[in-house]
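Comments concern the structure below.
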Amino acid sequence: MAALEFDAGQTYNSDRSGPLRFIWSHVKRHPFVGLMMVFGAVGNASLASSVPYFIGEAFNAIVDGQNLRFAAFMGLAIVGAQALRGMIQFLRNYGAQIFAQRIERDVRDELYGSLLSKSMAYHDSQPVGEIMARVTNDVREINLMFSPGINLLLGSGMFLILPLVVSPIIHPQLILVPAIFVLSYFFIQYRYLMVMFGVAQNVRSTFGDMNASLAETLDGIEVVKGAAQEEQEIEEFNGQANTVRDWFIEQGEIEARYLAMLLLGLAITGGLVHSVFLYQAGQISVGDILAFMGQIQLFGFPAFSSLMSLSRAVLGYAGAERILQVINQQASMYQSEQGHSAKLQGHIRFENVNFGYGDETAVVHDIDFEVKPGKTVALVGQTGAGKTTLTKLINRIYDVDEGRVLVDGVDVREWDLASLRSQISIIEQEIFLFSRSIADNIRFGNQHASMEEVIDAAKKAQAHDFISSFPDAYETVIGQRGVTLSGGQRQRLAIARAFLTDPRILILDDSTSAIDSATEDRICLLYTSP
């Protein structure tokens, strides 16, 4: 048995054992662009480090009153180094943007595919707004994690290394201040990350909760207005928005206590004192002091940029963790790797079926009945008796807890899901229509159907007359859930959608409750007639 996977023509062999490995597995898919970022970071730092060295050499030449051509040559070297540095920075930033956008695209596709592959048992337990927050904002945080986040971290990392390499070339003792700075810098960053990570998780989770509540309110706006509860909902939303605000303020307070800038000031002071001491001892020249202080100034870039880049990295890591929580949730639905695929005859059999939602008590018990091909069977029972539940077991929206559901003598769990579901249409009382044209809604189950076939299905569903009355007819765009249509019109469009797929099994779950009896009779007559 293999897990059901969404197939969009792209396979993502990502490592889902942890956020860091998940991110790295996506990074490895774009090695060339990643190397461009690394090369750009090294080149940028090297050329930046060369400038104070050239200045120091030129200053020494001028002070000595000799070799002025050499000083002029150093000036030209500075101009050339900065021109080349500008080109390298452009390539680096260009590569970083491509890198970030591609990874965001891949992660979003993988997450969306994972959501489509999951069973209804999963979706029933998840707030839509919370899932939307993960699909949109959390994935976006991964983009920002790489650009500007990782891009700046790579660049600033090189600016930490070069002073350690160049300073002892000027004089061996001058490595002291850069070494102390780098060690202290990494200690400060470690403490900062440990504190910031927990806050970042709360920022992302509270934002998801707020988004879920907002989506729920907007989805039920008719109920809110009908009960005159606008003020209560505003108060509820404000409370959740304040919680998000409080965590953002906490994040800002942590960033405000960032000590890297203080450390930079101490490094500049310490470096100047140390270099002057060596100058007085006759071990270095004034030009060497300028060159060394220029190297110390390079620490300014990591000290300034790391505040934003580390925050972006932490928020991206927290986003990746939340995305993995969704992806790693089991779909709770499996199919055979070699699933049965055939044209349905329509023979349905329930054998001692028990089913319950989640951990709840079974909704249906010991169900055992048979529907032969070409027959019409009506299930009658009180509200909540489990009629709708039984219909959703036939096409494996849910899987039975005990017993079997057979279609044409084959357990539905052994069928290829696409083959099974494409030949079964279920029309429910609660109709869902997309914010698309009427033609696209009817064509949803059969994307390749011609306009003539769409119109024929609409006529059979007794929908053609009211569709033709609209100014744009079949190109009329309707609101989500068909809110611009009456209940009967929505049901007839859903019936037309089912007719267009020419299903081998048609299940009507109280789907004509808003249609008058005469229209219902005409629909049944046209559908059953040859």
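The values are calculated or read from the model by the stated rules, or taken from the named source; none is laboratory data. These numbers come from a predicted model, not from an experiment. Positions of Cβ are generated from backbone atoms using ideal geometry, with glycine treated the same way; all protein chains shown enter the neighbour counts. For the accessible areas, the whole protein counts, side chains as well, though only heavy atoms, and no ligand, DNA or RNA atoms are used. Shrake-Rupley method; radii C 1.70, N 1.55, O 1.52, S 1.80 Å.
Over all pairs of different C-alpha atoms, the stretch 93-170 has a mean inverse distance whose reciprocal, the Kirkwood radius, equals 15.1 Å. Annotation: per residue accessible area for the chain equals 52 Å², rounded to a whole number [probe 1.4 Å, protein chains only].
Considered as an equivalent ellipsoid built on the Cα gyration tensor, the stretch 75-204 has semi-axes of 42, 22, 9 Å, the largest given first. In this structure, S486 and D509 have a Cβ-Cβ separation that, at R0 = 22 Å, corresponds to a calculated FRET efficiency of about 0.70. To the nearest ten degrees, helix 517-528 and the longest principal axis of the Cα atoms of the chain are 80 degrees apart.
For the chain, the longest principal axis of the C-alpha atoms and the axis of helix 230-256 are separated by about 20°. Dividing the C-alpha radius of gyration of the chain by 2.2 N^0.38 Å, with N its residue count, gives 1.40. Modelled spin labels at L176 and Q82, positioned 7 Å past Cα toward Cβ, are 3.3 nm from each other. The listed residues R492, R436 rank as R436, R492 when sorted by accessible area, largest first, using a 1.4 Å probe.
Mean separation of Cα pairs under 8 Å and 6+ residues apart, divided by the residue count of the chain: what relative contact order is that in percent? List each step's numbers first, then the result.
Numbers: 736 pairs, mean separation 86.2, N = 530.
Value for the chain: 16 percent.
Adding -39500 (n - 2.57) for every DSSP H run of four residues or longer, then dividing by how many residues the chain holds, sets the calculated 222 nm ellipticity at -20500 deg cm²/dmol.
Mind pulling up the Rg/Rh value for the stretch 156-246? Radius of gyration and Kirkwood radius, both on Cα. Kindly include the intermediate steps, with their values, before the conclusion.
Working: Rg = 25.5 Å, Rh = 17.5 Å.
Reported Rg/Rh, Kirkwood definition of Rh: 1.45.
Expressed as a whole percentage, what fraction of the accessible surface of the chain belongs to carbon and sulfur atoms when a 1.4 Å probe is rolled over the protein heavy atoms? Could you put the intermediate results ahead of the total?
Working: 15960 of 27640 Å².
Taking all protein chains in place, the chain shows 58 percent carbon and sulfur surface.
Packing, as the average of other Cβ atoms within 10 Å across residues, places the peptides 312-318, 109-115 in the order 312-318, 109-115, highest first. With the charge dipole of the stretch 340-385 set up from +1 on Lys and Arg Cβ and -1 on Asp and Glu Cβ about the Cα centre, the Cα lying farthest toward the positive end among the listed residues Q382, L344, V371 is that of L344.
For V195 and D472 in the same chain, what is the full-extension length gain: residue separation times 0.36 nm, less their Cα-Cα distance, in nm? Don't skip to the answer; put the middle values down first.
Numbers: separation 277, 0.36 × 277 = 99.72 nm, distance 5.82 nm.
Value of the extension gain: 93.9 nm.
Can you flag which of K372/K392; K392/K460; K392/K459; K343/K387; K375/K460 are past 23 Å Cα-Cα? Before the final figure, lay out the partial values.
Values: K372/K392 18 Å; K392/K460 25 Å; K392/K459 28 Å; K343/K387 26 Å; K375/K460 20 Å.
Violating the 23 Å Cα-Cα cut-off are K392/K460; K392/K459; K343/K387.
Of the Cα atoms belonging to the stretch 200-271, the radius of gyration and Dmax stand at 20.5, 71 Å. Of K375, K28, the residue with the largest accessible area leads and the full order is K375, K28 (1.4 Å probe).
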